Amino acid sequence: MGEETTPKQLHHLAPTSPTKPAEQTAAGVASDVSKYIADKMIGNGGILLIDDNKVGLPKPAGLVYNIVQDFPWTLTESSNRSNVPYIKLTEYEITLTALWMQLEYWLKGTYYSSDDNDNTNPYQFLYHAEPTGYVFKIPYFENYDHAINPQWDKFQSPTDADGLISSMLGTIAKVGQLLGVAPGSKINQPQVFGGASQSTYSVKFTLYNTTGLVDTDKIIQQNMDFKRRLQMSTLHSQMTRLFISPPAIFEVHIPGIRYSPAAIISNLTVSNIGQMNLMNISGRDENIPDAYEFNIQITELIVESREILRAEYMNTQSKIKAIITPAEAKALQKKQKT
């Protein structure tokens with residue numbers, strides 16, 4: 001698989017003006033920094049990642065971590081793994097601040113013409129993110145398929161009308177009981193849909209470092225590269241003392257089970273299994289266990305709807321995407337101007 005691409009040189013948020021005297025007041029420094037940040041946000045459409053050489057995850061030309069076919073999670077030969085069920089995670093890195101993404105989501109639907117904007121996709125422009133080039137294809141043998149929990153709540157009137165109506169009905173019911181109309185009373189009121197919770201599910205698998213195969217060092221290096229890359233995806237980047245770049249988000253697909261236009265790894269647990277051995281890997285001493293056990297918890301950022309479920313069943317995921325890339329956004333802007 002080769003060594004992982006080295007992250008690009010980090011840039012620091014700092015005023016572009018010449019160095020100020022040491023006695024400059026804290027208020028003056030804060031003002032300069034605030035102006036710099038505002039200029040950068042407005043000039044870059046809300047992007048707080050500086051220049052084209054942005055802080056964040058390494059971005060190769062394209063790399064698929066195909067655990068199903070290429071990694072030692074089983075002793076079965078790769079040629080006999082074509083029917084292994086899988087979950088695929090396509091990685092993206094957020095490029096806009098949350099405020100700008102919210103504004104883009106609400107305003108772009110009316111800004112772009114109907115020819116440019118997919119009015120049938122209610123999630124378009126929800127997340128602005130750049131593909132990192134990484135895709136994770138992982139064996140999926142979990143029992144989880146769906147857990148749908150719609151919530152219905154009592155209607156809450158924005159005025160006192162609801163309370164007034166309830167009071168009147170209650171009075172009528174009490175009068176009815178006193179007059180012997182009925183021995184009891186029960187007032188039924190319509191309830192309204194209150195939404196549903198975000199879906200969370202896990203995938204668990206083991207990668208073996210000691211398989212008895214000849215090329216043990218290569219297998220260990222490959223497993224370590226994957227482990228560290230997945231850890232990088234789940235961590236944030238501390239760009240400066242103040243600003244961060246959030247962890248990666250993913251488009252998730254489990255064929256025949258579910259599709260999520262946007263999700264995160266909400267919990268990543270890596271456990272060392274078996275005996276630990278101190279080994280020299282690529283000129284560096286490393287503590288290597290017999291195996292790594294991975295437990296990846298995924299939380300969807302969008303509550304599943306009929307449209308999302310239908311997209312999975314009909315294989316039309318591209319029609320319901322929630323992540324728009326900078327290239328796609330620029331293409332829409334260019335088309336709008338012409």
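With θ set to phi - 60° and the Karplus curve 6.51 cos²θ - 1.76 cosθ + 1.60, what are the ³J(HN,Hα) couplings of region 199-211 in order, to the nearest whole Hz, using x for Gly and Pro?
For region 199-211, the Karplus-derived couplings read 6, 9, 8, 10, 10, 10, 7, 10, 10, 8, 8, 10, 9 Hz, x marking Gly and Pro.
Got a sec? How would 144, 127, 65 order by Cβ neighbour count within 10 Å, fewest to most?
Details: 144 14, 127 24, 65 20.
With the fewest neighbours first, 144, 127, 65 line up as 144, 65, 127.
Using each residue's phi in region 127-142, evaluate 6.51 cos²θ - 1.76 cosθ + 1.60 at θ = phi - 60° and report the 3J(HN,Hα) Karplus result to the nearest Hz, with x for Gly and Pro.
So the Karplus estimates, Gly and Pro as x, are 10, 9, 8, 9, x, 7, x, 9, 10, 10, 10, 10, x, 10, 10, 6 Hz.
Which ³J(HN,Hα) values, rounded to whole Hz and listed in residue order, are derived for region 242-248 from phi using the Karplus coefficients 6.51, -1.76 and 1.60 in 6.51 cos²θ - 1.76 cosθ + 1.60 with θ = phi - 60°, glycine and proline given as x?
Values, residue by residue: 10, 9, 10, 10, x, x, 5 Hz.
Search the structure for amide H atoms under 5 Å from the amide H of residue 97, placed 1.01 Å from N in the peptide plane, and list their residues when 5 or more places away or on another chain.
The list, which skips near neighbours in sequence, is 48.
Here, each number is a calculation from the coordinates, and none is a lab measurement. The model shown is predicted, which means the values in this text are computed figures rather than measured ones. Positions of Cβ are backbone-derived with ideal geometry, glycine not excepted, and every protein chain shown enters the neighbour counts.
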